[in-house]
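The values are calculated or read from the model by the stated rules, or taken from the named source; none is laboratory data. Nothing here was measured: the structure is a model prediction, and the numbers come from that model. Don't worry about glycine lacking a Cβ; one is built from the backbone with ideal geometry, like all the others, and counts go over all protein chains shown.
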Amino acid sequence: MPMDHTQAPVLEALDAYRRADTLAFTPPGHKQARGADPETRRILGDAVFFGDLLASGGLDDRRQRGQYLKRAESLMADAVHAEHTFFTTCGSSLSVKAAMLSVAGPGERLLIGRDAHKAVVSALILSGIRPVWVEPRWDAERHLAHPPSPADFEAAFTAHPDASGALVTSPTPYGSCADLRGIAEVCHRRGRPLVVDEAWGAHLPFHPDLPTWAMDGGADVCVTSIHKMGSGLEQGSVFHLQGDLVAPSVLKNRADLWGTTSPSVLIYAGLDGWRRQMALHGHELLTHALELAGEVRAGIEAIDGMHVNDRADFCGPGLADDLDPLPVVVDLAGPALSGYRAADWLRAHRDINVHLADHRRINVQITHADSRETTEPLLEALRELADAARDWNAAPPVEVPDPGALRMEQACLPRDAFFARTEDVPVEKAAGRVAAEMVTPYPPGIPAVLPGERLTEPVLAYLSSGVEAGMNLPDATDPSLRTVRVTADR
């Protein structure tokens with residue numbers, strides 16, 4: 001029997017709670033905004049506090065007999081062709097950890113694309129899973145990584161037949177996508193599950209002109225951030241499940257291990273409302289977004305010194321298998337403009353924030369929320385940026401190594417290095433030492449250095465020159481990278 005996607009169980013229960021004028025002698029202590037700081041109420045609005053209540057013993061009764069969350073999760077699974085869906089209010093950083101521990105345990109091997117997000121590395125540190133790194137496909141001309149191929153995972157399984165499964169990131173923050181069907185076939189031929197970190201792909205199930213999404217591509221577990229390309233609130237994430245290689249009870253148990261016991265009903269409501277919006281109107285909304293992105297791409301391409309990366313740039317032999325066109329990746333030509341400079345100028349002079357910036361690119365993310373009211377000021381600001389940059393001196397150079405020099409020896413497990421005795425050494429003396437921390441250009445949050453890797457001069461020069469040029473390294477012990485944290489005994 002078809003499910004009724006006009007329903008939004010969490011939102012409807014929240015509305016009923018407010019209409020009942022329920023009195024709560026429970027957390028949260030602001031008691032439906034009554035005790036909140038007046039200035040905070042003025043800035044945030046009372047609706048934030050009205051939606052902030054206990055999930056159990058608030059929105060639902062203490063035994064959750066209303067099953068609002070369960071029904072909302074079932075509707076989400078139906079909307080995206082999954083067998084099971086679980087909500088989390090701790091972001092995909094939690095979801096991917098739960099997914100990994102559902103596939104592998106301490107001491108077991110897991111094949112992982114080396115372009116994984118830092119949340120994956122955090123899971124390795126906390127769990128003791130042994131990573132087998134699968135190299136991404138590297139575009140040496142554009143200094144950009146694309147997801148590994150099925151052949152790359154085939155080779156990794158051949159070398160490590162005891163691996164418990166595989167994890168791939170697709171789409172990347174730049175919009176490049178893996179051959180998920182091919183990778184799933186490699187895994188399933190061995191009876192091993194595939195986990196897809198699809199944090200940037202919440203919209204993919206809802207339009208045929210977008211790349212194949214993970215469940216349709218044969219993945220067993222998929223992690224999706226609804227707040228990135230969807231319209232949920234920050235930290236709203238879901239993980240989807242299908243097939244019999246990972247039991248739903250195991251995935252739910254692992255999520256419970258990592259998750260909060262105080263989930264945000266506000267975030268649940270955002271997830272529920274976004275599913276209803278997409279199930280009812282997703283095709284129409286995404287058709288609009290795709291048409292608008294096409295206009296933005298053409299408009300930026302017409303600006304002197306700017307090139308929008310498209311399928312011809314990102315897809316083909318040795319590169320990505322598909323491209324999501326909604327992340328509009330702008331390659332900046334000329335000596336004056338780096339992505340860091342461009343992002344800073346746009347924020348300081350035109351109050352425009354871009355998604356990410358690197359040594360040569362910016363990424364402006366288009367979603368169904370955009371219209372010409374947002375994109376025309378963006379195009380005008382980029383034209384003004386191009387004009388202003390003509391008078392600038394050359395941008396500080398970033399010493400990006402060749403692909404082979406980016407990879408360092410994994411001298412010990414990330415967990416062992418992270419919890420080892422450590423010392424901070426000057427960056428000039430760090431080459432040859434074993435890193436005890438992650439060093440991650442952010443965004444997009446893909447670590448350049450992992451705990452347990454033996455540091456090399458090319459990688460240290462890349463990061464040091466990047467900092468001088470404007471790179472942000474928020475997770476390094478010393479974000480200025482004058483010192484690096486290394487193990488004391490290696």
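Some values worked out for this structure:
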item	result
Complete set of residues in region 95-120 that are among the hydrophobic types (A, V, I, L, M, F, W, C), surrounded by fewer than 24 Cβ atoms within 10 Å (Cβ to Cβ) and under 26 Å from Tyr174 (Cα atoms)	Ala119
Residue in region 368-391 that is part of a loop (DSSP other than H, G, I, E, B) and closer than 26 Å to Ile446 by Cα present	no
Among residues of region 403-441, those that are over 13 Å from Asp115 (Cα atoms) and part of a loop (DSSP other than H, G, I, E, B), counted	15
Check on Gly191, surrounded by fewer than 19 Cβ atoms within 10 Å (Cβ to Cβ), at positive phi and not hydroxyl-bearing (Ser, Thr, Tyr)	yes
Arg18 over 30 Å from the mean Cα position of the chain (by Cα), exposed (fewer than 13 other Cβ atoms within 10 Å of the Cβ) and not in a loop (DSSP other than H, G, I, E, B)	no
Of all residues making up region 43-95, the number that are under 12 Å from Val10 (Cα atoms), under 29 Å from the mean Cα position of the chain (by Cα) and of a type in the set (D, E, K, R)	3
Residue satisfying all of: in region 442-460; charged (D, E, K, R) and not in a helix (DSSP H, G or I); farthest from Ser122 (Cα to Cα) among these	Arg454
Answer from Asp37, Asp21, Asp46 - the residue that is in the same structural domain as Ser262 (by TED's automatic domain parsing) and at pLDDT below 90	Asp21
Qualifying residue in region 137-144 (condition: surrounded by fewer than 18 Cβ atoms within 10 Å (Cβ to Cβ), of a type outside the set (Ser, Thr, Tyr), in contact with a strand residue (DSSP E or B) (Cβ under 8 Å, 6 or more places away or on another chain) and not in a helix (DSSP H, G or I))	yes
Residue within region 414-430 that is at pLDDT 95 or above, among the hydroxyl-bearing types (Ser, Thr, Tyr) and surrounded by fewer than 18 Cβ atoms within 10 Å (Cβ to Cβ) present	no
Matching option when the condition is under 26 Å from the mean Cα position of the chain (by Cα) and of a type in the set (Lys, Arg), among Arg347, Arg372	Arg347
Out of Met3, Met76, Met100, sole residue that is closer than 18 Å to Asp272 by Cβ and either modelled with pLDDT of 95 or more or among the charged types (D, E, K, R) (or both)	Met76
Yes/no for Pro396 being in contact with an Asp or Glu (Cβ under 7 Å, 6 or more places away or on another chain) and not assigned by TED's automatic domain parsing to the domain that holds Arg433	yes
Condition broken by Ala389, with the remaining ones in (1) farther than 17 Å from Tyr174 by Cβ; (2) touching a Ser or Thr at 6+ places or on another chain (Cβ under 9 Å); (3) in contact (Cβ under 8 Å) with a residue 60 or more places away in the chain satisfied	(2)
Yes/no for Asp489 being outside any loop (DSSP other than H, G, I, E, B) and surrounded by fewer than 22 Cβ atoms within 10 Å (Cβ to Cβ)	no
Members of region 1-15 found to be among the small types (Gly, Ala, Ser) and either assigned to a helix (DSSP H, G or I) or without any contact (Cβ under 8 Å) to a residue 12 or more places away in the chain (or both), listed by number	Ala13
Filtered residues of region 378-406 (kept if touching a strand residue (DSSP E or B) at 6+ places or on another chain (Cβ under 9 Å), under 28 Å from Pro451 (Cα atoms) and surrounded by 16 or more Cβ atoms within 10 Å (Cβ to Cβ))	Leu406
Some residue of region 225-243 being surrounded by fewer than 24 Cβ atoms within 10 Å (Cβ to Cβ), closer than 26 Å to Ala293 by Cα and either acidic (Asp, Glu) or not assigned by TED's automatic domain parsing to the domain that holds Phe87 (or both)	yes
Qualifying position, being assigned to a helix (DSSP H, G or I) and within 15 Å of Ile112 (Cβ to Cβ), among Ala155, Ala151	Ala155
Test set (1) over 19 Å from His240 (Cα atoms); (2) in contact with a helix residue (DSSP H, G or I) (Cβ under 9 Å, 6 or more places away or on another chain); (3) part of a loop (DSSP other than H, G, I, E, B) - Arg65 fails condition number	(2)
Considering residues of region 344-356 that are without any contact (Cβ under 8 Å) to a residue 24 or more places away in the chain and among the hydrophobic types (A, V, I, L, M, F, W, C) only, the residue farthest from Pro327 (Cα to Cα)	Ala348
Lone qualifier among Pro161, Pro173 - being in a loop (DSSP other than H, G, I, E, B) and either crowded, with 22+ Cβ neighbours inside 10 Å or in contact with a strand residue (DSSP E or B) (Cβ under 8 Å, 6 or more places away or on another chain) (or both)	Pro173
Qualifying residue in region 107-128 (condition: within 30 Å of Gln7 (Cα to Cα) and within 18 Å of the chain's Cα centre (by Cα))	no
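The rows are residues; the columns are (1) within 17 Å of the chain's Cα centre (by Cα); (2) assigned by TED's automatic domain parsing to the domain that holds Gly128; (3) not in a loop (DSSP other than H, G, I, E, B).
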{"residue": "Ala184", "(1), (2), (3)": "no, yes, yes"}
{"residue": "Val195", "(1), (2), (3)": "yes, yes, yes"}
{"residue": "Trp200", "(1), (2), (3)": "yes, yes, no"}
{"residue": "Asp209", "(1), (2), (3)": "no, yes, no"}
